[in-house]
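Here, each number is a calculation from the coordinates, and none is a lab measurement. Computed from a predicted model, the values in this text were never measured in an experiment. Methodologically, a virtual Cβ is constructed for each residue, glycine included, from the backbone with ideal geometry; neighbour enumeration extends over all protein chains shown.
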Amino acid sequence: MSEQFSSSRRHFIKGAGLIGGASLLSSSRAFSNGNTGLKTAKNLIFLVADGMGVGSLALANHWKLRHHAEPLEWVQLLENNNVQRSLQDTASASSPVTDSAAAGSAWGSGERVNNGSINYSVKGDALVPLMQYAKQAGKSTGLVSTCRITHATPASFAANVIDRDLEATIADQYLEREVDLLLGGGLEYFITKGRNLCSEFKRRGYSFVTDKAGLSNLSDSQRILGLFANSHLPYAIDRKNDPTFAQIPSLANMFKAALHPLSENDNGFILQVEAGRIDHAGHANDPAAILQELLEFDNCIPIALEFLKSNPDTLVVVTTDHGTGGCQLNGVGESYNGSGSALDRINNFRGSFESIERIYQKTGKFSRAHFNSICDLDITNDQQSVIVEKMLAGSDYMTSVIADAIASELYEETGVGWTSHAHTSEHVELAAVGVGAEHFPKLMKNYELNGIVRNTLRI
Ligand SMILES: [Zn+2]
């Protein structure tokens, strides 16, 4: 064992011990450095559907069954005998309902932390994130997201910040810690007043791209910074319907582009791929946006399985960090016979609630005609007044205001109902396939994943 390796081990134990190793907060399956007799995985592909509760998975599955006569890739994966399925308890140190920072940190560091903080223990000590161990083992590291790449879930594998909103600090840490590949949104945190971090990445040998063509033209780049929007990428449904977004890559485009450079490293890699906006569509209670986000995420599963076929020394994990919004397709009509056709009516939506908000931000006006063209619902004068009043009061996200103003019509039209605009405490799905998959227990606490992954990759 190298000195570097053993010092990282000490650091790990120290971090875990600070809050009482065997407590509810940290992993009982902590890393063991002895010869465990396990097969070693060289690569980790970690696919995260952020904010995907069981209700939204079922909704998307029924939609795909009705429109493509086959289940979701995720469901097909579960039908495979080689897959280990687990349910995760997602609580954080500070609440039964986690946020993405705490949930990601549980995976990233092996400890439960307070909501809002990234890889800092409840006592305020920095914990070593997974990608630092990977680096020490000579592996390449990559983060891909439809959110700002400095958002909580990608950051949880590579960064340490007391407050998840310190996104400029997270961008700095990506540079200092040399995360090899970063693809997503969030340009605003890389080009700030007085500093152009993109130039610094370029000086360190990174290729820098800002659109789909640039991404597909990269040939031999080992290190890539790809930032395709100032903030989050637009929703999949808006990329599909708005030609001004034609040059923004899909999650699958980015995932594919990431695999080639990372797999050039003989020591292997860790890659996290996040569909980060399933969560946002859940917060917004937007049925059409959440469906298209889920379908886009689902397209990534066969890409991972294809890679696994030609690189069997890989562990693939497909999971989510928590539910959001309590999305459910409900029984509609006599004997619930109307649920299928209600679900089909989601197809009539031409954009997300966010696309309506975008017009409002641009023009300062709420356009009823535009709303009707997007949502396939005739909004009443009263509903329009409520939306405009609330927006003028400036107290809320427009997307939530829209969903609340038309909640009963949306429910009648689509059969989709929600419990809140917040995260939920439900147990969530995890599927693991490849080397080490068998070590995932049927029911697990989110932080246990860290030890299983580190054991399997020997990092
Ligand atoms: Zn959220």
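State the percent of C-alpha pairs, over all pairs in region 328-417, separated by a distance greater than 22 angstrom. Could the numbers behind the result be given before it?
Details: 1156 of 4005 pairs.
Roughly 29 percent, once rounded to a whole number.
Which order do the peptides 217-226, 332-341, 268-277, 399-408 come out in when sorted by mean C-beta neighbours inside 10 angstrom, highest first?
268-277, 399-408, 217-226, 332-341
In whole Hz, with x marking every Gly and Pro, tabulate ³J(HN,Hα) for region 375-382 from phi via Karplus 6.51 cos²θ - 1.76 cosθ + 1.60, θ = phi - 60°.
Residue by residue, region 375-382 yields 9, 6, 9, 8, 7, 7, 4, 4 Hz.
Calculated from DSSP H runs of 4 or more alone, at -39500 (n - 2.57) each and per residue, what is the 222 nm mean residue ellipticity of the chain, nearest 500? Don't skip to the answer; put the middle values down first.
Details: 21 runs with 192 residues, N = 459.
Rounded to the nearest 500, it is -12000 deg cm²/dmol.
Aspartates and glutamates within cross-link reach of Lys362: Cα-Cα under 15 Å, excluding same-chain residues under 8 positions apart?
Within reach: Glu354.
What angle, in degrees between 0 and 90 and rounded to the nearest 10, separates the Cα long axis of helix 287-298 from the longest principal axis of the Cα atoms of the chain?
Helix 287-298 sits at roughly 30 degrees to that axis.
Quick one: net charge of Arg239's neighbours, Cβ under 12 Å, K/R +1, D/E -1? Working shown, then result.
Values: positive: Lys212, Lys240, Arg277; negative: Asp238, Asp242, Glu293, Glu296, Glu354.
Every neighbour counted, the sum reads -2.
Could you list Val435, Val83 so that the one with the fewest beta carbons within 10 Å of its beta carbon is first and the one with the most is last?
On the way: Val435 22, Val83 17.
In increasing order of surrounding Cβ atoms, one gets Val83, Val435.
Under the √(5λ) rule applied to the eigenvalues of the Cα gyration tensor, what semi-axes describe the equivalent ellipsoid of the chain? Give them in Å, descending. If you can, show how the numbers build up before the last one.
On the way: eigenvalues 260, 121, 92 Å².
Gyration-tensor ellipsoid for the chain: 36, 25, 21 Å.
How do the peptides 59-71, 290-302, 382-394 rank, highest first, by the average count of neighbouring beta carbon atoms within 10 Å per residue?
Answer by packing, highest mean first, reads 290-302, 59-71, 382-394.
Where a Cα-Cα gap under 17 Å defines reach, which lysines qualify for Lys123, not counting those fewer than 8 residues away within the same chain?
Filter leaves Lys14.
May I ask for the angle, rounded to the nearest 10°, between helix 3-17 and the longest principal axis of the chain, with both axes built from Cα atoms and the value confined to 0 to 90°?
60
Treating the angle as unsigned and between 0 and 90°, give the value, to the nearest 10°, between the Cα long axis of helix 448-457 and the longest Cα principal axis of the chain.
Helix 448-457 sits at roughly 50 degrees to that axis.
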